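As structure tokens, the structure follows; a few thoughts come after it.
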Amino acid sequence: MAGVCCEKGFRVTVGRWGEYREHVKDISSLSNDLCRIVIVDNNPFSFLLQPLNGIPCIPFSAGQPHDEQLLEVILPLIKHLSEQKDVRTVLYDRFHMPEWFQKHGIPASEWT
């Protein structure tokens, strides 16, 4: 899974998006080519600007010692994504995040 982790000290731009007052992560500051970058977050608003790069997950709680989502779901998905030329196709087919935002009346970015 070479290339899965980012360099130490990378920064993702975090800001506010309109009326939703949620933290939005803008990964475009990492690269002009987003075909190999993902955002894993329990808050879908985090990938509002790049909905095709988002991997939604359930919130982690230290009070849930048997939470296996990372080992059973997220890591296998990231391994599969590491073998793809463009992660966005796989993530769209799996999560349909642009439609999720549309269904909830939230204007997601067309810039994906």
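Within region 91-110, identify whether any single residue is β-branched (Val, Ile, Thr), surrounded by 14 or more Cβ atoms within 10 Å (Cβ to Cβ) and over 14 Å from the mean Cα position of the chain (by Cα), and answer yes or no. So that I can check it myself, show each step before the final result.
Residues of region 91-110 β-branched (Val, Ile, Thr): 106.
From what is left, the residues that are surrounded by 14 or more Cβ atoms within 10 Å (Cβ to Cβ) are 106.
Going one step further and asking which of them are over 14 Å from the mean Cα position of the chain (by Cα), we end up with 106.
Yes, some residue in region 91-110 is β-branched (Val, Ile, Thr), surrounded by 14 or more Cβ atoms within 10 Å (Cβ to Cβ) and over 14 Å from the mean Cα position of the chain (by Cα).
Out of the residues in region 18-39 meeting the condition of being of a type outside the set (Asp, Glu) and loosely packed, with under 14 Cβ neighbours inside 10 Å, tell me which one is modelled with the highest pLDDT.
Cys35
Out of everything in region 45-87 that is within 10 Å of the chain's Cα centre (by Cα) and assigned to a helix (DSSP H, G or I), what residue ends up being surrounded by the most Cβ atoms within 10 Å (Cβ to Cβ)?
Checking each candidate, the answer is Phe47.
Out of all the residues in region 57-88, which are at pLDDT below 90, more than 22 Å from Phe45 (Cα to Cα) and among the polar types (S, T, N, Q)?
Residue satisfying the conditions is Gln64 alone.
I'd like the residue in region 40-56 that is in contact with a strand residue (DSSP E or B) (Cβ under 6 Å, 6 or more places away or on another chain) and more than 16 Å from Ile106 (Cβ to Cβ) and, out of all such residues, is modelled with the lowest pLDDT.
The qualifying residue modelled with the lowest pLDDT is Val40.
Pairs only if they're at least six apart or on different chains, beta carbon under 6 angstrom, first in region 89-105 and closer than 16 Å to Asp41 by Cα, second of a type in the set (A, V, I, L, M) and at pLDDT below 95; list them, first residue then second.
Pro98/Ala108; Phe101/Ala108
The values are calculated or read from the model by the stated rules, or taken from the named source; none is laboratory data. A quick note: this is a predicted structure, and the numbers were derived from the prediction, not measured. Note: ideal-geometry Cβ built from the backbone for every residue, glycine included; neighbour counts use all protein chains shown.
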